1. Within region 68-81, is there a residue that is over 14 Å from Glu40 (Cα atoms) and assigned to a strand (DSSP E or B)?
2. Based on what the data block shows, is Asp48 farther than 14 Å from Ile8 by Cα and either free of Cβ contacts under 8 Å to residues at least 12 places away in the same chain or buried (at least 20 other Cβ atoms within 10 Å of the Cβ) (or both)?
3. For residues that are within 17 Å of Met106 (Cβ to Cβ) and open to solvent by 50 Å² or more (accessible area, probe 1.4 Å), tally how many sit in region 1-23.
4. Here is a check on your reading of the model: is Glu169 modelled with pLDDT under 85, outside any loop (DSSP other than H, G, I, E, B), farther than 14 Å from Met198 by Cβ and of a type in the set (D, E, K, R)?
5. Scanning region 211-252 for residues that are touching a residue at least 40 places away in the same chain (Cβ under 8 Å) and more than 17 Å from Val102 (Cβ to Cβ), which turns out surrounded by the most Cβ atoms within 10 Å (Cβ to Cβ)?
6. Leu186 passes all but one of (1) farther than 23 Å from Ala223 by Cα; (2) open to solvent by less than 40 Å² (accessible area, probe 1.4 Å); (3) of a type outside the set (S, T, N, Q); which number fails?
7. Which fully enclosed helices (runs of 4 or more DSSP H) of region 182-248 have 2 or more residues being more than 23 Å from the chain's Cα centre (by Cα)?
8. Would you mind stating whether Glu246 is modelled with pLDDT of 90 or more, closer than 21 Å to Ser152 by Cβ and among the acidic types (Asp, Glu)?
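The values are calculated or read from the model by the stated rules, or taken from the named source; none is laboratory data. Just so we're clear, the structure is a prediction, and the values are computed from it rather than from any experiment. Note: ideal-geometry Cβ built from the backbone for every residue, glycine included; neighbour counts use all protein chains shown. The accessibility values were calculated without ligands, DNA or RNA, using every heavy atom of the protein model including side chains. Shrake-Rupley method; radii C 1.70, N 1.55, O 1.52, S 1.80 Å.
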Amino acid sequence: MNEINIVIAEDEPLLLRTLVRQIQEADPLFRVVLAAPDGESALRFLHDRQVPDILITDIHMPVLDGIGLIHAVERAYPAVKKIVISGYGEFEYARQALKMNVIDYMLKPVKKKDLEDLLSRLKIRIAGERSAVKSLSPLSNRQYTAEEIVKSVEEFIKANYAGDISLEEVAKRFNINAPHLSKIFLKYAGESPSKYMMSLRMNEAKHLLSLKNELTVKEVGEAVGYPDPFYFSRIFKQFTGMTPTEYKSRLA
């Protein structure tokens with residue numbers, strides 16, 4: 001597997017150095033290509049030099065803050081995996097970031113184990129995405145088995161389930177018709193593509209609801225691909241047997 005490139009934007013020099021060291025110690029595949037003291041420097045690097053696989057950014061920084069940086073990166077480079085670092089009093093900003101397809105956020109002080117766990121999950125996700133793109137490259141002339149197609153579709157859905165995607169769009173991307181995709185997916189994955197995507201969304205919703213924060217049910221729904229809060233609540237109850245509010249209250 002090729003290196004996974006990371007850009008960090010953090011204005012606290014000690015935390016910046018610590019993050020760089022911990023990332024490089026976590027896995028030899030991780031490479032910090034830029035440790036920037038502010039959002040503007042990070043964004044300029046992306047525009048002029050290199051688009052990384054992962055962006056880790058603080059919220060409050062001079063020149064261009066983390067929210068502005070995330071917004072610009074999401075608009076220009078949506079494939080970049082975005083992680084936010086925030087203090088206990090900054091969750092309102094982190095909430096804004098979650099609406100811009102941020103993968104996760106970490107509270108200061110960042111714990112080494114939490115960082116390593118998050119990077120490990122991202123490594124698996126990025127490897128899957130790269131494999132999906134490579135294995136189904138239109139430049140290749142070989143025929144792909146139904147099982148290979150299903151594995152690639154699984155990785156694509158994992159990477160994009162929070163967005164507004166449909167079975168038809170997924171099928172079109174892989175150059176097959178939707179009914180055939182449903183048939184082979186059910187055979188090799190054991191469930192339909194729609195149910196697979198819903199499971200990913202619901203598990204992430206449960207994770208977000210379990211966090212000790214002030215995310216509303218509407219905001220959690222938006223973060224996992226359900227902008228309509230009533231529809232999200234209905235689907236969540238079908239999946240868990242309780243509404244998002246009931247689920248959250250049981251964890252309190």
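1. Scanning region 68-81 turns up at least one residue that is over 14 Å from Glu40 (Cα atoms) and assigned to a strand (DSSP E or B).
2. yes
3. Total satisfying the criteria: 5.
4. Details: modelled with pLDDT under 85: yes; outside any loop (DSSP other than H, G, I, E, B): yes; farther than 14 Å from Met198 by Cβ: yes; of a type in the set (D, E, K, R): yes.
Answer is yes for this residue.
5. Tyr247
6. The one condition Leu186 does not meet is (2).
7. 229-240
8. Working: modelled with pLDDT of 90 or more: yes; closer than 21 Å to Ser152 by Cβ: no; among the acidic types (Asp, Glu): yes.
It is false that Glu246 is modelled with pLDDT of 90 or more, closer than 21 Å to Ser152 by Cβ and among the acidic types (Asp, Glu).
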